[in-house]
1. Starting at the first residue of the stretch 66-78, write each ³J(HN,Hα) from the Karplus equation 6.51 cos²θ - 1.76 cosθ + 1.60 with θ = phi - 60°, in whole Hz, x for Gly and Pro.
2. Using the structure shown, list the pairs from 5/117; 38/155; 89/155; 5/155; 5/128; 117/144 with a Cα-Cα distance above 23 Å, or answer none.
3. How much length, in nm to one decimal, is gained on full extension between residue 101 and residue 12, taken as 0.36 nm per residue of separation minus their Cα-Cα distance?
4. What are the ³J(HN,Hα) couplings of the stretch 97-106, residue after residue, when phi is run through the Karplus curve with 6.51, -1.76, 1.60 and θ = phi - 60°? Round to Hz, x for glycine and proline.
5. Taking the Cβ of residue 106 as the center, what net charge do the other residues with Cβ under 14 Å away carry, scoring Lys and Arg +1 and Asp and Glu -1?
6. Under the Karplus relation 6.51 cos²θ - 1.76 cosθ + 1.60, θ = phi - 60°, what is the ordered set of whole-Hz ³J(HN,Hα) values for the stretch 139-151, x standing for Gly and Pro?
Amino acid sequence: MSSAKQERAEAAKLPDDDVIGVLLRQHALIRDLFSEVKSAEGGRPRQEAFDALRALLAVHETAEEMILRPVATGTAGEAEADARNREEKAANQVLAELERMDVSSSEFDDLLSRFEKDVIEHAEHEEKEEFPSVLRECPEAQRKRLGGQLQLVEKLAPTHPHPRTAGSPTAQWVVGPFASMLDRTRDALKHVTNR
């Protein structure tokens, strides 16, 4: 089992904008945010930590599906890419369920624990099965270009789970921009009303 420290160390070996380096740093941050949610005390701090985790997972998974997965289909194989997309679709459904729950409930805690385990297993599959093939078969210049594309897509990606489009790169490209606009408006309104 890898750790946030190991993921950061592996990312540090790559150029800052290398797609695999970007994703490894995000995997480490996702682990950190799970810890923050679990340790946060009080409704509002815990909700804010969960909102940060939810937003990162939403944009991260969308960008992986749109940018990494088509490349990984060619390097790691279609079965591998399809398996990761199925996992992301399932995770998106659980994330949507968590989003509707009271963050201070025991039901939230139970589901969050199971969800964290699944997300970490998913990340480890990517790190062991997809990432090495991309590193091996894609030249650095291509990986840097993919890293730039991934970061751009993340700026435009939805910040909330959308289970109907998750797991499908095509659906992400078609529906994602509209969902993102709605999500980011909703986030801005929530931020203004919570002051």
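1. My calculation for the stretch 66-78 gives 7, 10, 6, 4, x, 6, 5, 4, x, 8, 9, x, 5 Hz in order.
2. The pairs that break the limit, which is 23 Å between Cα atoms, are 38/155; 5/155; 117/144.
3. Length gained, residue 101 through residue 12: 28.4 nm.
4. 5, 4, 4, 7, 8, 6, 5, 9, 8, 5
5. Summing Lys/Arg as +1 and Asp/Glu as -1 gives -1.
6. Those phi angles translate into x, 3, 4, 5, 5, 5, 4, 5, x, x, 5, 4, 5 Hz.
Every number here is computed from the coordinates shown, using simple stated rules; none is lab data. Because the structure is a prediction, the values reported are computed rather than measured. Glycine also receives a Cβ, built like all others from the backbone with ideal geometry; neighbour counts cover every protein chain displayed.
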